[in-house]
Amino acid sequence: MNFVNIQAWNGEDQLTAPIPPRPARDAERSLHALDREKSESPGRAEAPIGVFDSGAGGLTILSALRQELPRESYIYFGDTAHCPYGVRDEKEIIELSVRIGHFLIEQGVKLIVVACNTVSQFALAALRAAYPSVTFVGVVPAVKPAARATKKGRIGIAATNQAAKAAYLRQLIDEFAGGIQAFAIGCPELVMLVEAGQFDGPLVEETVRQALQPLLREDVDVIVLGCTHFPALRPVIERIATPRVQVIDSGSAIARRTRYVLDTENLIHPNTGDSITPGELQIWCSGNPDKFSKVASKLLGYAVTARQSNT
């Protein structure tokens, strides 16, 4: 089993190579674009929200979104034919993401949540450039709340191989965790557990234990789940980390951010009655739909049927 790219950074570290521009934040989008979108929004509020990931991991974000915004309809796409993204190069990640963005836009979505840390770090700017009329919300590793929560000044970040070594992660640490030691590690084996629908049991526990040992050896007291697959393993992770280590993910924060963006752009689904009627849900994948249906149903806690797209 490979432990990939353990790094420690603190506020005194100097970057030795130029850092590419980080993914644009929602607040950095132009006022002109926001005004245009508001003027177009009256007929779009009932349109679905698009959500995509390299596979099943983004379903943890979908769960948080449906809890925060239950009236909304959703179209989820898992690129299971090309999962995991964390072992692919930046060019391929961008190409795959742009294709999925096109697919979701063809379905008439009003906003796209990029429910994948790797895509958010490497392809979010390219998505916004390719589809300037569409609003994208990306996921960000919860470095800021981890820095606030640590008492020892030592945090761990479990991510994919690509995300663990990304310059963007270092920027987040420099910006929000100055003076705090941060240790990042790639855990691709955990991604594959989730893709196989294995969320608990002796084999899962042993795999998670070995994957997290490099972080736990560093005496961290907070672990950031920097991949949307990992919250599916949260009970096992918390068991292994023990109550002395706080485990943080960004699911609820991304859901709140999505609500804020929809509200700002006048795209919240209208309230048509006193009772909350859940919106519709479509699940798509690029790989085997039967297999993905089983994994998605197990992760979400209710039965879903995935359809296959050749995207």
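Please treat every number below as a calculation from the coordinates, not as lab data. Everything quoted here is computed from the prediction, not taken from an experiment. Heads up, the Cβs are rebuilt from the backbone with ideal geometry, glycines too, and the neighbour counts pull from every protein chain shown.
Odds and ends about this structure:
- Too-long pairs where the Cα-Cα distance tops 30 Å, listed order kept, from Lys110/Lys298; Lys165/Lys294; Lys91/Lys291; Lys151/Lys298: Lys165/Lys294; Lys151/Lys298
- Debye intensity ratio in log₁₀ form over the Cα atoms of the stretch 173-295, taken at each q of 0.11, 0.13, 0.21, 0.22 Å⁻¹: -0.57, -0.75, -1.21, -1.27
- For q = 0.12, 0.25, 0.29, 0.31 Å⁻¹, Debye-computed log10 I/I(0) when each Cα of the stretch 142-197 counts as one equal scatterer: -0.31, -0.94, -1.12, -1.21
- Model label sites at Glu238 and Ala167, defined 7 Å from Cα along the beta-carbon direction, differ in position by 3.8 nm.
- Computed over the alpha-carbon atoms, the stretch 95-161 gives an Rg to Rh ratio of 1.12, Rh here being the Kirkwood radius from the mean inverse distance.
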